[in-house]
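Heads up: the structure comes next, in C-alpha cells.
The values are calculated or read from the model by the stated rules, or taken from the named source; none is laboratory data. These numbers were taken from a predicted model, which means no experiment stands behind them. Cβ atoms come from the backbone with ideal geometry, glycine included; neighbour counts cover every protein chain shown.
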Amino acid sequence: MALGNSKNLRNDNTIFVDLKFAPNRGKEMVGFRQIVSKTPRENAKEGERKFDYAYQTFDYVEGEIVNFRVKDEPRFDDPNEKELMGYMTVRDVGETVGPDVVVRFPLLGQAGRKLVGLIAAAVEARAGCVHIYTNFADVGAKLGDKVLDKPQAYINAKIGDARGEKLTPLYYGEDGKPLLKEDGTPMPLPMGEKVVVGRKEIWDFSKADNMVGQTALALVEHFRRDEQQHHDVAAGTEADSDSGGDDDLDLEEAARAAMR
C-alpha cells in the first residue's frame, strides 16, 4: 500500500497528493492531502472560487521513491509570485500493487526542507521501500518533560515500513557529495538567523535553503540518470529480442513503448 492512515488502512485510486504542514490550522492540515471531490459553485462571481473541494488527509506514504523533480510555480496565495515546488513519486511495492503516488510540496518550507533530506538519505542508503510519515501533537500534549503550548507537527521516514530503522536527513554540498560531520554522521541544516529588514526583525533561512537547493539539484540529476539507465536497458532488450533483423528499429521509440 502506497498511501494510507495508520488507523484506517485503505487502498485509494489516487496518485496525487499535497504535503500539508500547518499544525496551527488543525490535524487535517498535517499530512498527505488528497482531493476526493470537486464540485462547481453555482453563480460564482469574478474573483471568487469556482469550485468547492472535499479532501482526505493521510498519515503516511509508503513505497520506493522512483522519481524527484522541481518546478517553479505561481504561489497559491499570490499568483504573481513563484515558489519552488518539489514532486516526489513513490511506487507501491506491496503484494497488491497500486498506482504510483506523487507528493507535491513546497521545496523551501519547513517540512519540504526535511523531506528533501529524507529523500537523499533514502537514496544514499539504497533503502528501497521507505515509510514517510507525519505526526501531529495538539496543545497540552506532553513530549518528554515539555507540555506543548501550541500545536506541533513532524515529518520523518523509516526504511521498509513503520517498524523499520529511522532515517536521518542528509544533504549534499556543491560537489554533489554528502555533507558529514567529523564523526561521519549527516550534517544538519543551519539554524535560521534573526535579521532586521526595514526595522522589522525576521528569520533568515538562506543558508539552509542553499543546502536544500544543492541537494535538490543532486537528486534531480540522480533520478534523471536512473531514468536514462532504465530507458537504455529497455531499448537494449527490445533490440536483442527483435528476430526480424530490422536495421531501422527506432530504439528510442522501443524504450518509450517498454516504459508505458
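Annotations for the structure displayed:
- Within the option set Gly31, Gly4, being modelled with pLDDT of 85 or more, of a type outside the set (Ser, Thr, Tyr), closer than 27 Å to Gly164 by Cα and touching an Asp or Glu at 6+ places or on another chain (Cβ under 8 Å) holds for one residue only, Gly31.
- Residue in the stretch 82-108 that is modelled with the lowest pLDDT, counting only those that are among the small types (Gly, Ala, Ser) and surrounded by fewer than 20 Cβ atoms within 10 Å (Cβ to Cβ): Gly94
- Across the stretch 20-40, the number of residues qualifying as surrounded by 11 or more Cβ atoms within 10 Å (Cβ to Cβ) and in contact with a strand residue (DSSP E or B) (Cβ under 6 Å, 6 or more places away or on another chain) comes to 13.
- Residue in the stretch 94-102 that is out of contact with any Pro (no Cβ under 9 Å at 6 or more places or on another chain) and without any contact (Cβ under 8 Å) to a residue 60 or more places away in the chain present: yes
- Neighbours by Cβ (under 8 Å, 6+ apart or cross-chain): first from the stretch 143-171, at positive phi; second surrounded by 11 or more Cβ atoms within 10 Å (Cβ to Cβ): Gly160/Ala127; Gly160/Gly128; Gly160/Cys129; Gly160/Val130; Gly160/His131
- Of all residues in the stretch 7-19 being among the hydrophobic types (A, V, I, L, M, F, W, C), over 20 Å from Asp138 (Cα atoms) and modelled with pLDDT of 80 or more, the one that is surrounded by the fewest Cβ atoms within 10 Å (Cβ to Cβ): Phe16
- Candidates in the stretch 120-142 are the residues that are out of contact with any helix residue (DSSP H, G or I) (no Cβ under 9 Å at 6 or more places or on another chain) and on the phi > 0 side of the Ramachandran plot; of these, the one that is modelled with the highest pLDDT is Arg126.
- Filtering the stretch 144-173 to residues that are more than 16 Å from Ala122 (Cα to Cα) and surrounded by 12 or more Cβ atoms within 10 Å (Cβ to Cβ) leaves Leu148, Pro151, Gln152, Ala153, Tyr154, Gly173.
- Residue check, Val123 of a type in the set (Val, Ile, Thr), part of a helix (DSSP H, G or I) and under 11 Å from the mean Cα position of the chain (by Cα): no
- The sole residue among Asp100, Asp92 that is among the acidic types (Asp, Glu) and under 18 Å from Arg69 (Cβ atoms) is Asp100.
- Residues in the stretch 174-204 that are within 20 Å of the chain's Cα centre (by Cα) and part of a loop (DSSP other than H, G, I, E, B) were compared, and the one that is modelled with the lowest pLDDT is Gly176.
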